[in-house]
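J.: Handing you this structure, nothing more for now.
The values are calculated or read from the model by the stated rules, or taken from the named source; none is laboratory data. Given the structure is predicted, the values throughout are model-derived calculations rather than measurements. Heads up, the Cβs are rebuilt from the backbone with ideal geometry, glycines too, and the neighbour counts pull from every protein chain shown. Just so you know, the surface numbers come from the protein's heavy atoms only, side chains and all, with ligands and any DNA or RNA stripped out. Shrake-Rupley method; radii C 1.70, N 1.55, O 1.52, S 1.80 Å.
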Amino acid sequence: MWVFGYGSLVWNPGFDTVERVIARLPGYRRSFCMRSIHHRGTPEAPGLVLALDRAPETACSGVALRAAPERADEVLAYLRERELISAAYLEARLPVALADGREVEAVTYVVDPDHVQYCGGLDLEEQAQIIARAQGGRGPNTEYLYNTDAHLRELGLGDRELDWLVRRVRALCG
């Protein structure tokens, strides 16, 4: 079983992998388009987390993580508990292109644009303002941004919007 990671799964998958390969998912883009009311914010003061937002003319770079076949059910149960906590993500099995030329089907979590937590279209400044102050059950929203940006850059998958957000959020946080 393959899993596509584009945000925190890149740096904190939460399960053992037997293979990890740079990958691209066509038709989606990484975006801070989901309000976080559990992990990186609260219902009273939501944070923002990354989600895969439909974008037909683009592709999202990330990592494909392969779980051991005998652990597939356990990994899927873990991912569902982690990712589907508020049903703002939809679980999908989508084709991803691996950097080594293979194409595999991967479990992928994409945002539900009809869900109340969806907030696509926020400008970068508004995103920065929210991320700079939000905190949830898994810690500050800034930590999520900084870790995701650093690990993507380490893999050679830097993202201009994330880089800008990191600089702006650091300036806001002093």
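J.: Go through segment 107-119 and report how many residues are open to solvent by 80 Å² or more (accessible area, probe 1.4 Å) and hydrophobic (A, V, I, L, M, F, W, C).
T.: Of the residues in segment 107-119, 1 are open to solvent by 80 Å² or more (accessible area, probe 1.4 Å) and hydrophobic (A, V, I, L, M, F, W, C).
J.: Still on this structure, please answer the following. Please go through segment 114-138 and pick out each residue that is within 15 Å of the chain's Cα centre (by Cα) and assigned to a loop (DSSP other than H, G, I, E, B).
T.: Passing the criteria: 117, 119, 120, 138.
J.: Turning to a different aspect of this structure: For residues that are within 15 Å of residue 52 (Cα to Cα) and not aromatic (Phe, Trp, Tyr), tally how many sit in segment 108-144.
T.: Of the residues in that region, 12 qualify.
J.: Among the candidates 139, 101, which residue alone is at positive phi and touching a His at 6+ places or on another chain (Cβ under 9 Å)? Give the steps one after another, and end with the answer.
T.: Numbers: 101 fails: touching a His at 6+ places or on another chain (Cβ under 9 Å).
Checking each option against the conditions leaves just 139.
J.: Every residue in segment 151-166 that is at pLDDT 95 or above and not in a helix (DSSP H, G or I), please.
T.: 155, 156, 157
J.: What do you reckon, is residue 148 in contact with a Phe, Trp or Tyr (Cβ under 9 Å, 6 or more places away or on another chain) and assigned to a helix (DSSP H, G or I)? Talk me through it step by step, then tell me what you get.
T.: On the way: in contact with a Phe, Trp or Tyr (Cβ under 9 Å, 6 or more places away or on another chain): yes; assigned to a helix (DSSP H, G or I): yes.
So residue 148 passes the test.
J.: Which of the strands (runs of 3 or more DSSP E) contained wholly in segment 1-106 include at least 1 residues that are open to solvent by 20 Å² or more (accessible area, probe 1.4 Å) and without any contact (Cβ under 8 Å) to a residue 24 or more places away in the chain?
T.: By residue number, 47-66, 89-98.
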